[in-house]
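The structure appears right after this line, and notes come after that.
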Amino acid sequence: MGRLDMEINNPRLFGINNSNRNFSDKDTWGKNIFNATLPISLSCYMYHNNMRAIYITADGDLNSNISYKGFDEILNIEPLDTNTFYAFETPYTPYQKYVVGPMPRNDITIINLSNDACVSTFEIKLTALPDSTTYELSEDQYGIELVVRPDTIIYLACSFIELFGGDTTTIGKIVGNGCDDIADWSEAREVLPYIHDINSSIRQIAHEKHEYQTPIILNPIWKTIGNSSQLSEYCLDVFIWSNIGILNLFLPEQNTHIKSITRHIRSCIWLYKMLLDYSKHGHFDGKSIYSELTYNTKNDKAFATAGNKTHKYMDCEELTKPRIRKEEIKDIILGGGQQLLSPERRFDAIIVNSPDLF
């Protein structure tokens, strides 16, 4: 069926009945907006079909674990309830008290209309499976690349502060005062000798609070046949990373000798500095921290972890064979909404999809 074979009639996405998106507006179906909106609809659809999210957590020693958790538990509200409001690109105001300046917007903040309370918030990462590091491997070794943005480190710091009930004294005991000798945090040579202490402090948080970890990243996957543009028969599923589980993607191994500040190490420093400042002042300036502590690396993203590393934390039956079939996409994108999509017009994609040229 071609794009023009179906009438556009009330375009919408399954389950998103209350939101700050206007699905009759073509701009709502643009690449960046659609890629953050579809995952919420997919979550609603899976909840409607009695499926649970795949929840990636870690224990007190940061041993990774996979479990299954209801989307109502993940979102802290029943996804299809008439009081559930999906506020896209909206800050999570309960964290405002921890930060200097405005709280950055998150991909989704979910509000209970019955009392106007913010109940949960997530960065959304819709990721392709396999990625460039795993597509030549067997299907059971496929992995996704996860790219995390700097503002998510702010949200991560706030989520840890929340786990301690905002107690500056207790957080101060964990982060310690061993880094007080650092005169200039923007100088790599001054910070490098303290990476072990920074790593140990963050691990201590995991050790003390792993039983209370909370979801932070909503990470749906879409699977293709190898690195082609063809969807697999079973192609969609939803993974959730907790605030403890995500630490495995950027914390260095213990007792590793760190010679330089990579994006991953820099993210550790950012997180630690945010918690340190909060313990001293009762708030922290997250944007200033990630804007000033760059260590000669662009801060357009916090870090990226490739599929050959994310695989071991996500490894489960659903990673090899996602639960949602491609024929079900028509039950998620409704009212001819697919005709409003505007994918990137890339020359390499056009060549691949024009075999008649050769």
Practice task
Could you tell me whether the range 101-181 comes out rounded, prolate or oblate from its Cα gyration tensor? Rule is a ≥ b ≥ c as square roots of the eigenvalues, rounded for a/c under 1.5, then prolate if a/b exceeds b/c, otherwise oblate.
Solution key: oblate
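Per residue, how much accessible area does the range 1-138 show when a 1.4 Å probe rolls over the protein heavy atoms, in square angstrom?
Values: 6640 Å² over 138 residues.
Per residue, the range 1-138 has an accessible area of 48 Å².
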Exercise for the section: Take the solvent-accessible surface of the protein heavy atoms, probe 1.4 Å, and return the percent of it on the range 120-184 that carbon and sulfur atoms account for. Expected result: 41 percent
Exercise for the section: Would you mind estimating how fast the range 247-356 diffuses translationally, via Stokes-Einstein at 37 °C and 0.692 mPa s with the Kirkwood radius over Cα pairs, in µm²/s? Expected result: 174 µm²/s
Fill in the blank from the handout: Of Pro91, Pro102, Pro79, the most mobile residue in a GNM of the chain (C-alpha springs, cutoff 10 Å) is Pro102
Exercise for the section: Would you pull out the residues with amide H under 5 Å of Cys235's amide H, same chain only if 5 or more places away, H placed 1.01 Å from N? Expected result: Ile324, Arg325, Lys326
Handout entry: Nearest 10 degrees, 0 to 90: helix 31-48 Cα axis against the chain principal axis
Key = 80 degrees
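Per Stokes-Einstein, at 4 °C and 1.567 mPa s, what whole-number D in µm² s⁻¹ belongs to the range 21-125, with the Kirkwood radius over Cα pairs as the hydrodynamic radius?
Numbers: Rh = 15.2 Å.
Stokes-Einstein gives a translational diffusion coefficient of 85 µm²/s.
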Problem - Those aspartates and glutamates that a straight Cα-Cα span of less than 13 Å connects to Lys97, excepting residues fewer than 8 apart in one chain - result: Glu162, Asp167, Asp285
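With a 10 Å radius around each residue's Cβ, average the other Cβ atoms per peptide and rank 304-316, 286-298, 148-160, highest first. Write down the numbers at each step before the final one.
Working: 304-316: 18.2, 286-298: 15.8, 148-160: 23.7.
For the peptides 304-316, 286-298, 148-160, the packing ranking is 148-160, 304-316, 286-298.
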Fill in the blank from the handout: Regression test value, accessible area per residue of the range 163-255, probe 1.4 Å, units Å², expected 43 Å²
Handout entry: Net charge, Asn299 excluded, C-beta distance under 15 Å - Lys, Arg +1, Asp, Glu -1
Key = +3
Completion exercise
So, for the Cα atoms of the range 118-246, Rg and Dmax in Å stand at 18.9, 57
Problem - Cα long-axis angle, helix 150-163 against the chain (0 to 90 degrees, to the nearest 10) - result: 60 degrees
Fill in the blank from the handout: Cross-link reach from Lys31 to lysines, straight Cα distance under 23 Å and at least 8 residues apart if same chain, gives Lys125, Lys223, Lys301, Lys326, Lys330
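Taking each pair of different alpha-carbon atoms in the range 234-294 once, compute 1/r for the pair, average those values, and report the inverse of that mean as the Kirkwood hydrodynamic radius in Å to one decimal. Can you show the working numbers first?
Details: mean 1/r = 0.0730 Å⁻¹.
Evaluated over the range 234-294, this radius sits at 13.7 Å.
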Handout entry: Under Karplus coefficients 6.51, -1.76 and 1.60, residue-wise ³J(HN,Hα) of the range 296-301 in Hz, glycine/proline x
Key = 6, 10, 4, 10, 5, 9
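The values are calculated or read from the model by the stated rules, or taken from the named source; none is laboratory data. Because the structure is predicted, anything quoted here is derived from the model rather than measured. Quick reminder, even Gly has a Cβ in these numbers, built from the backbone with ideal geometry, and neighbours come from all protein chains shown. Ligands, DNA and RNA are excluded from the accessible area calculation, which covers all protein heavy atoms including side chains. Shrake-Rupley method; radii C 1.70, N 1.55, O 1.52, S 1.80 Å.
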